[in-house]
Amino acid sequence: MKRLAGRPFVLLGVNSDSDRAEIKRTVQQENISWRSWWDGGGPTGPIQTQWQVTQRPTIHLLDAEGIIRRKNIEAEDVDAAVDALLREIDGKSGK
Amino acid sequence: MKRGDLTWGLFAVCFGLCFLVPCSRANAEDQELSPAGVALRRLLEEYDQNRDPRAFAPKFFQLAKQHPEDPAAVDALAWIAANLRRKPESIQAIEALERGHLQSERLAEACRQVAGTLSPSAERLLQRALKESPHAKVQSQACYQLVGLLQEQERLARRLQEQPDQRPRAQQYYGKELTNRLFDLDFKKTERRKEDLFEKMLKSFADVPLAEGTMGELAEKSLFAIRRLSVGKVAPEIESEDIDGNKFKLGDYRGKVVLLSFWGHW
């Protein structure tokens with residue numbers, strides 16, 4: 001994600017782990033720099049329920065207008081898909 | 001609400017297992033079998049020893065022909081449809097069900113096996129059964145199985161349409177009729193069809209029980225997913241605390257491309 005520094009892109013997480021202290025340890029150890037909501041611990045939290053997420057990891061991609069553009073995207077497809085959406089923003093601002 | 005072990009969306013287990021396990025047993029009751037029922041059971045036992053579906057198809061067809069009013073005829077034709085998937089016999093059997101058994105109450109049990117073939121002929125049969133059957137049980141099963149069929153077609157079509165060079169291989173595996181269907185599948189149209197079916201499900205079959213919950217509950221979740229969670233829709237707002245207890249919103253990030261990642265163990 002370093003190559004996207006300075007670009008209008010953000011990674012946000014929804015975390016299902018039950019032990020908040022444990023999550024913080026993970027975040028420190030793995031150098032996780034992105035922000036996550038804590039969904040109450042466990043797989044039945046309100047965010048996961050609303051989004052009908054049943055397995056992890058699940059990754060969705062939203063554009064700059066908040067519109068869902070890709071669902072259940074595979075890790076190997078992420079770079080190309082994010083680049084395409086960033087180009088859309090460039091296109092709109094006339095770059 | 002628990003959703004169990006879904007693998008691709010809402011119905012993977014509910015439908016996936018049903019679709020992928022070929023049925024070699026008809027649903028014949030143990031008590032008081034009719035002559036046709038007895039004959040069917042015998043056929044199934046013979047088949048178990050032999051296991052060549054193609055060799056047995058004519059015998060099942062014949063049984064259906066000889067006992068057109070008996071539920072065993074429906075079972076026999078459903079057996080052919082399920083066990084000779086991707087072969088012409090499967091389509092013939094489904095067409096025979098459409099021609100001669102739309103009014104049968106037994107069709108309820110056949111819906112699952114028919115849907116499992118994913119074929120356009122299966123679609124037609126289920127659509128007609130939903131519309132024309134006098135039996136509520138048949139209607140509800142046809143509705144439920146049809147929506148699952150469409151879901152599975154969508155999943156396969158997404159993969160195939162991204163790889164048009166795979167068409168010859170797909171044709172070998174799925175047969176011509178289904179392959180063409182998958183390559184021609186219009187996702188917007190399919191989504192609308194599913195929406196209509198779920199609305200029907202909510203309106204007319206809400207109390208029918210499923211393995212998990214009721215058809216009504218499934219329909220509500222599915223309609224929410226189609227209307228609020230599908231590609232092209234504005235993402236529902238998320239407003240909650242982060243790991244440190246500070247509140248923040250998804251809406252704070254408008255203007256940025258967002259990769260939303262659901263992670264963690266339990």
For B:E220 and B:T190, calculate 0.36 nm times their separation in residues minus their Cα-Cα distance, and state this gained length in nm to one decimal. 9.0 nm
Add -39500 (n - 2.57) for each DSSP H run of 4 or more in chain A, then divide by its residues: what number comes out at 222 nm, to the nearest 500 deg cm²/dmol? -10500 deg cm²/dmol
Ranking A:R20, B:R155 by Cβ neighbours within 10 Å, fewest first, what do you get? A:R20, B:R155
Rounded to the nearest 10 degrees, what's the angle between the helix A:75-92 long axis and the longest principal axis of chain A, both from Cα atoms, 0 to 90? 50
Which FRET efficiency, nearest 0.05, do B:R228 and B:R128 yield, Cβ-Cβ r, R0 45 Å? 0.90
Compute the distance in nm between two label points, each set 7 Å from the Cα along the Cα-to-Cβ direction, one at B:E212 and one at B:Q171. 4.0
Which of these, B:F198, B:F187, B:F60, has the largest mean-square fluctuation under a Gaussian network model of chain B (Cα springs below 10 Å)? B:F187
B:K59 paired with A:R87, simple spin-label distance in nm, labels 7 Å along Cα-to-beta-carbon: 6.0
Going by Cα centres, segment A:17-46 and segment B:117-175 are how many Å apart? 40
Roughly speaking, what is the centre-to-centre gap between segment A:65-95 and segment B:211-247 when only Cα atoms are used, to the nearest Å? 22
With Cα atoms, 0 to 90° folded angle of helix A:20-29 axis to chain A main axis: 50
Please compute one quarter of the surface area of the Cα convex hull for chain A and express it in square nanometres. 6.9
Students often get this wrong, so check it: of B:K200/B:K233; B:K233/B:K256; A:K71/B:K249; B:K194/B:K256; B:K131/B:K203; B:K65/B:K194, which have C-alpha atoms separated by over 26 Å? B:K194/B:K256; B:K65/B:K194
Calculate the FRET efficiency for B:S34 and A:A21 from the Cβ-Cβ distance with a Förster distance of 51 Å, rounded to the nearest 0.05. 0.15
Most fluctuating residue given options A:V27, A:V53, A:V14, as computed from a GNM of chain A linking Cα atoms under 10 Å: A:V27
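We did not get these values from a lab; they are worked out from the coordinates using the rules stated. Treat the numbers as computed from the prediction; the structure is a model and nothing was measured. Positions of Cβ are generated from backbone atoms using ideal geometry, with glycine treated the same way; all protein chains shown enter the neighbour counts.
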